[in-house]
Each structure stands twice: as C-alpha cells, then as structure tokens.
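Novice: Let me begin by handing over the structure; questions about it come next.
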Amino acid sequence: MRFLAAIQLLPALEAGEETLVGGQAVLEGVMMRTPHAWGIACRKASGEMALHSEPLERPSEKHKWMAWPVVRGVMTLGYAMTLGFRALKFSANAALESLQPEAPANEPDKKFEISGWMATVHILFSVGFFIFMYKYLPLLATTELKKLNPALGGQIAFNLIDGLIRLALFLLFIWGVSLFADIRRVYQYHGAEHKTVFAFENGDPLQVTEVQKYSTYHPRCGTSFLMTVMIISILFYMLIPVTTFWARFAIRIALLPVIAGVSYEMIRFAARHRGSFFALMTAPGLWLQRVTTQPPSNDQAECAIVALEEAMALEKQRGGELVIA
C-alpha cells in the first residue's frame, strides 16, 4: 500500500526539469540526479543505508528536437517519471529486504521483492486511478450539476466548475494521504531533498548542519508542476468547443501532453523570473508544499546528502563536472 500510494504521489515528489541537480523522495530515502548520473540512498530498519547509482543519459543531448519548447516538457516529464519509478522500486525492495526473516543456515535465502509483473500492475492501476479520479469523476459530477442547473452548461462555467472539482479532489488526496505516518515520512524525505538541493545551489558544504538551514519549499518541485497543470487545464478546456460527455472526456485525455508541456515552460520561466506574472500563477504550488514537504530529521537529511554524493561521484567518473553558475 505504501508503494502504491507513493506511485500516485510520484509526480508531486520529483523535480520535473532537466537541471544541474534534482531529486525525488522515495520510501525511507532520497534519489538524487545530476546531468549524467543518479544515486539513491535508503535507510534500512537496522539504520544502515542501501546505496545505488547508475549512469544517466539526457535525451535532449541525443535528439535535438527533444529540446524544443513544450516538447522538452513532455519528454523530460516522461523520462523523470520512468527514473522516479525505478528509484521507488529500489526503495521498496530495500524495505522488503530489511523486513524478511533470516533463513536457516542449511536453506537458501528467499528474497522478497517487487517483481516486474507486480510493478506493471501497480502502474496500470495508478494510470487508471488518475484518469478516473481527475478526468472522469469531475466531468461526470459537472455534467450532473448541469442537469440540475442549466446555467452551468456554458463553455466557461462548465469547465470552471469541472476544474474546481478536479482541484478539490487533488487537494483532498494530497492532504488525506498525509494523515498516514508512512506518507508523512515520505514528505519529510521530500523536504530533505529540497534542502540539500538548495545547499548545493548556494555552494554550501554538503553537511547536515548546513543543509538543515534551508527551506523545504523549492520552486522546481513537482508539486508546483501539478498545481500548474490543474490550473492551466481549465483554460485549455475552455478553448475547445465540444459539448457531449465523451467528446469532453476524449479531449481531456488527448490534451494531457500539450498541457504538461506548456506547464513545464511556465515553471521553467517562473523559476528564472520570480517577480513575473507566471511566477504568481505557480505560487499555489509553493503553498501546497506546506503539505507535501515536511522538516526532515538529521538522519533523513543525511540520506539526501549521501544520495547526491553518490550521483556526483559517478558524474565525476564519467568526466562530468558540476559547476554552480
């Protein structure tokens, strides 16, 4: 259940932009990525850390068209989600490994882990849940409200109500899962990831005391991205003159990549122009981080630091160099 809930939160827990350093909270740990490597550190029940790192390819360096505006947002998000799921699976398997009993000396160890088919089932369920919760259900509710009050049938009114219902469901889900102790710990690791990124970006030593000085709210957070998607989608749907239920539902699915790409560009611009109108539009995402990020303990901050050091070490081995502009 923790793994399934974390998959649903995956877009909110990661930095959905190709940047110098980014990361993501996982189960009892943090994944950090540099331009050409990623590393992960997860805390086991024993207090030890499970560590892993791998090389990382940036798609936009191989295919120039992937760096085009809007297109780069879709490609980056898809790549980040794939990497994020791999990191989440590693953390779940590390947790399972620390919980399994020791086998007798004369018997081989039975390793419990999330298999490929189990991961596929979780992903399919999560995609289905997303479509039902944030596309089908708000549209159905708004359609029923229109029957009660025909004044809601206008293009602007209908899509505004639909968007508000979708936003309410999203906020309710984010807040509801935060009531579970396990998810609160994920939110703490999310805060540890943000603090560590801030410390790196400001050129401070990667030490717990230095990292803990920083805020848990970061403008490039996936939470900000999702909130921007929710808001921008309302405007997009208002521009498409369809009136039947299934036509509206199909448009909501078909426009997902476009809305994601445009939202990515807005977040990217807002991060560089803090006083702009776009920065104001992305502000609700920062407010929501009051829920999706929590102050981490020193042990949790240490996990984020170790994960970044793992990624940086592999980056250096591959000839890369991280330089703060």
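The values are calculated or read from the model by the stated rules, or taken from the named source; none is laboratory data. All values reported here derive from a predicted model rather than from experimental measurement. When we count neighbours, we look across all protein chains shown, and the Cβ atoms used for this are built from the backbone with ideal geometry, even at glycine.
Novice: Only one residue in ILE165, ILE156, ILE174 is crowded, with 20+ Cβ neighbours inside 10 Å, in contact (Cβ under 8 Å) with a residue 24 or more places away in the chain and of a type outside the set (Gly, Ala, Ser), so which one is that?
Specialist: Just one listed residue meets the conditions, ILE174.
Novice: With respect to the numbered conditions (1) out of contact with any strand residue (DSSP E or B) (no Cβ under 9 Å at 6 or more places or on another chain); (2) of a type in the set (A, V, I, L, M, F, W, C); (3) at pLDDT 80 or above, which one is the sole condition not fulfilled by ILE114?
Specialist: Result: ILE114 passes all but (3).
Novice: Ok, one more. Could you run through region 177-209 and say how many residues are without any contact (Cβ under 8 Å) to a residue 40 or more places away in the chain and either among the hydrophobic types (A, V, I, L, M, F, W, C) or in a helix (DSSP H, G or I) (or both)?
Specialist: Number satisfying all stated conditions: 5.
Yes or no, residue by residue, for (1) in a loop (DSSP other than H, G, I, E, B); (2) surrounded by fewer than 17 Cβ atoms within 10 Å (Cβ to Cβ); (3) modelled with pLDDT of 90 or more; (4) of a type outside the set (Phe, Trp, Tyr):
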{"site": "ALA250", "(1), (2), (3), (4)": "no, yes, yes, yes"}
{"site": "ALA260", "(1), (2), (3), (4)": "no, no, no, yes"}
{"site": "ILE267", "(1), (2), (3), (4)": "no, no, no, yes"}
{"site": "GLY275", "(1), (2), (3), (4)": "yes, yes, no, yes"}
{"site": "LEU286", "(1), (2), (3), (4)": "no, no, no, yes"}
{"site": "ALA304", "(1), (2), (3), (4)": "no, no, yes, yes"}
{"site": "LYS316", "(1), (2), (3), (4)": "no, yes, no, yes"}
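Novice: Report, ordered by the first and then the second residue, all pairs with beta carbons closer than 7 Å, sequence separation of six or more or different chains, a first member in region 43-54 that is modelled with pLDDT of 90 or more, and a second member that is assigned to a loop (DSSP other than H, G, I, E, B).
Specialist: ARG43/GLU28; ALA50/LYS44
Novice: Moving to a separate point now. I need the full set of residues from region 186-213 which are acidic (Asp, Glu), under 13 Å from LEU308 (Cα atoms) and surrounded by fewer than 23 Cβ atoms within 10 Å (Cβ to Cβ), in order please. Quick ask: steps written out before the conclusion?
Specialist: Kept after step one, since they are acidic (Asp, Glu), are these residues of region 186-213: 193, 201, 204, 210.
Still in the list and also under 13 Å from LEU308 (Cα atoms): 193, 201.
Hit for region 186-213 is GLU201, nothing else.
Novice: Separate question: Given TYR237, TYR214, TYR189, which one is out of contact with any Asp or Glu (no Cβ under 6 Å at 6 or more places or on another chain), within 22 Å of LEU83 (Cβ to Cβ) and modelled with pLDDT of 90 or more? If you could, list the steps in order and put the result at the bottom.
Specialist: On the way: TYR237 fails: within 22 Å of LEU83 (Cβ to Cβ); TYR214 fails: within 22 Å of LEU83 (Cβ to Cβ).
Testing whether each residue is out of contact with any Asp or Glu (no Cβ under 6 Å at 6 or more places or on another chain), within 22 Å of LEU83 (Cβ to Cβ) and modelled with pLDDT of 90 or more leaves just TYR189.
Novice: On to the next question. Is there a residue in region 130-150 that is of a type outside the set (Lys, Arg), surrounded by fewer than 16 Cβ atoms within 10 Å (Cβ to Cβ) and closer than 30 Å to GLY39 by Cβ?
Specialist: yes
Novice: Hey, another quick one. Here is a check on your reading of the model: is ILE183 in contact with a Pro (Cβ under 7 Å, 6 or more places away or on another chain) and either modelled with pLDDT of 85 or more or crowded, with 16+ Cβ neighbours inside 10 Å (or both)?
Specialist: So ILE183 does not fit the description; no.
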